[in-house]
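The values are calculated or read from the model by the stated rules, or taken from the named source; none is laboratory data. Note that the structure is predicted; figures quoted are calculated from it, not measured. Reconstructed Cβ throughout: ideal geometry from the backbone, glycine too, with neighbour counts over all protein chains shown. What goes into the accessible areas is simple: the full protein's heavy atoms, side chains included, and nothing from ligands, DNA or RNA. Shrake-Rupley method; radii C 1.70, N 1.55, O 1.52, S 1.80 Å.
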Amino acid sequence: MDRRVTWVGIVLLLCFALLFLQLNNLQVKQATPLNNNSLNQHLPGSTSEWKEPRGSIISADGAVLAYTRPTHGANKYYLRVYPHRTAAMFSDITGYYATAAEANPFGVEASYNPFLRQHESPANSLGALLDQHTETDNVYLTISEKLQAVAMQALDSAAVSFGGAIVAIDPRNGDILAMYSNPSYNPNLFSVNNFTKVSDLATKLNSRGACDVSKLNPLCNYATEEPEFPGSTMKVITTAAMFDHDPKLQTEKFKNRSSLPFKGSPPLSNYGGESCGGDLALILADSCDTAYAQLGDQLGIESLSAEAHSFGFCVGEGTFSSCPDTSFVPPLDLPNTQPSVFPGASTIAGSAAYLGYSAIGQFDDKATVLQMALVASAIANNGVIMAPHVVTRAVNGYGETEFTYKPHAWLKVTSANTATQVRQLMTGVTRAPGATAYSLFSGWYSVGGPIIAAKTG
């Protein structure tokens, strides 16, 4: 009898061990493949999810930007709603939720889908383990509706016939406070349980081509997906390169001139043919192209490339080169973020003109609006770029926080000393009479506003 009890016990223990191993196999080793399997009805955009509720997306100041409401009738489903007042304003951030493959969900709807969709609640106790239930989480953004409205109004009034973007970031923690791209779109047009209608709309908009500012595709977030010439904002990096690689150049005085000749190339001319020059403070305040082209030539391609590289640019070896190193893609929690590039030595070699133009943000320099916001944030944050992000937390229906974003550094790009010196020079852009941003801030300072560091471009 005792022997039979022992064998039964051994068999039960083996069964338990096998069950334990299989559970771990499914929940750990096979979790990702099973979650991404095409037969998984909980994948983003699967039609079954239209029959389930979905969490809300909420701005930093409490505005509900996306929610679901049930429909009525025989084929009841949940409709994703983007309130009219904020729909187009936040479309690049929220993205949309649709069924058609041609309109795969993107934005926060895609990045934080595991929290937004209906899912099993985590077991925090033995009772919860025995009585599992499903829930959705609300996702909270770093972005303020009020500040986003200001960005939208400013850009829409200026960019009537061409695309553009605005990014405002808190340098201390990487919080994106505003991010708006022109043109925008109404995500409600995709939020219908009609595959054909959604597919036709996505195909129509995507027929305008890739993310190119000249094509004005509203589905493109021009803040993160379309690198363009950074122009004179690149002079911030050129200035930092001088302090980091050849600080003796800070005492250089550049001759007043309206154009700079190059052997074998057309001359580089200042905007409007104006003449400028002087010391470092004056040429940055005036954004003097001829002086900065000379400064770039004196620094050399190795120093400029190294500085651009440290600021997060992918240094390439060909014209408008792609970046094979994903570590140079800003770690923003939105899909499709693109890297910024700076030409390599072999591209510039043998031409002082190419080097001069690269020093002022032209030639093969390409950067996203987000990248240049991160450059400015590094100068503000003593040489450290914090990882940018648009979400702070996810909260379940019981008010419990399921996820909290932990701010962290992305890159240490320069020393605190260099950042301080560049920052001080950038205050001249808004304070020095005749500087490129003086007219914008002279009234600001007359009423006692705080000192602003800036660079126009």
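Listed values, structure above:
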| read-out | value |
| --- | --- |
| Of the criteria (1) more than 20 Å from the chain's Cα centre (by Cα); (2) open to solvent by less than 30 Å² (accessible area, probe 1.4 Å); (3) over 30 Å from Ala308 (Cα atoms), which one Val447 fails | (2) |
| Failed item, numbered, when Phe106 is tested on (1) closer than 23 Å to Lys197 by Cα; (2) at pLDDT below 95; (3) touching a strand residue (DSSP E or B) at 6+ places or on another chain (Cβ under 6 Å) | (3) |
| Residues of the range 263-298 satisfying the condition of being in contact with an Asp or Glu (Cβ under 6 Å, 6 or more places away or on another chain) and modelled with pLDDT of 95 or more | Cys276 |
| So Pro83, is it open to solvent by 30 Å² or more (accessible area, probe 1.4 Å) and either modelled with pLDDT under 95 or over 15 Å from the mean Cα position of the chain (by Cα) (or both) | yes |
| Residues of the range 384-401 satisfying the condition of being surrounded by 18 or more Cβ atoms within 10 Å (Cβ to Cβ) and more than 19 Å from the chain's Cα centre (by Cα) | Ala394, Val395, Asn396 |
| Count of residues meeting criterion [outside any loop (DSSP other than H, G, I, E, B) and touching a residue at least 24 places away in the same chain (Cβ under 8 Å)] in the range 383-417 | 17 |
| Check on Leu141, in contact with a Phe, Trp or Tyr (Cβ under 7 Å, 6 or more places away or on another chain) and either surrounded by fewer than 11 Cβ atoms within 10 Å (Cβ to Cβ) or at pLDDT 65 or above (or both) | no |
| Qualifying positions in the range 329-350 - open to solvent by 20 Å² or more (accessible area, probe 1.4 Å) and of a type in the set (Ser, Thr, Tyr) | Ser346, Thr347 |
| Within the range 267-306, considering residues that are part of a helix (DSSP H, G or I) and hydroxyl-bearing (Ser, Thr, Tyr), the one most open to solvent (accessible area, probe 1.4 Å) | Tyr271 |
| Check on Leu216, open to solvent by 20 Å² or more (accessible area, probe 1.4 Å), part of a loop (DSSP other than H, G, I, E, B) and either over 30 Å from Gly356 (Cβ atoms) or of a type in the set (Val, Ile, Thr) (or both) | yes |
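This table checks each residue for (1) without any contact (Cβ under 8 Å) to a residue 24 or more places away in the chain; (2) under 19 Å from Asn382 (Cβ atoms); (3) part of a loop (DSSP other than H, G, I, E, B).
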residue	(1), (2), (3)
Ala419	no, yes, no
Val422	no, yes, no
Val429	no, no, no
Pro433	yes, no, yes
Leu440	yes, no, no
Tyr445	yes, no, no
Pro450	yes, yes, yes
Ala453	no, yes, yes
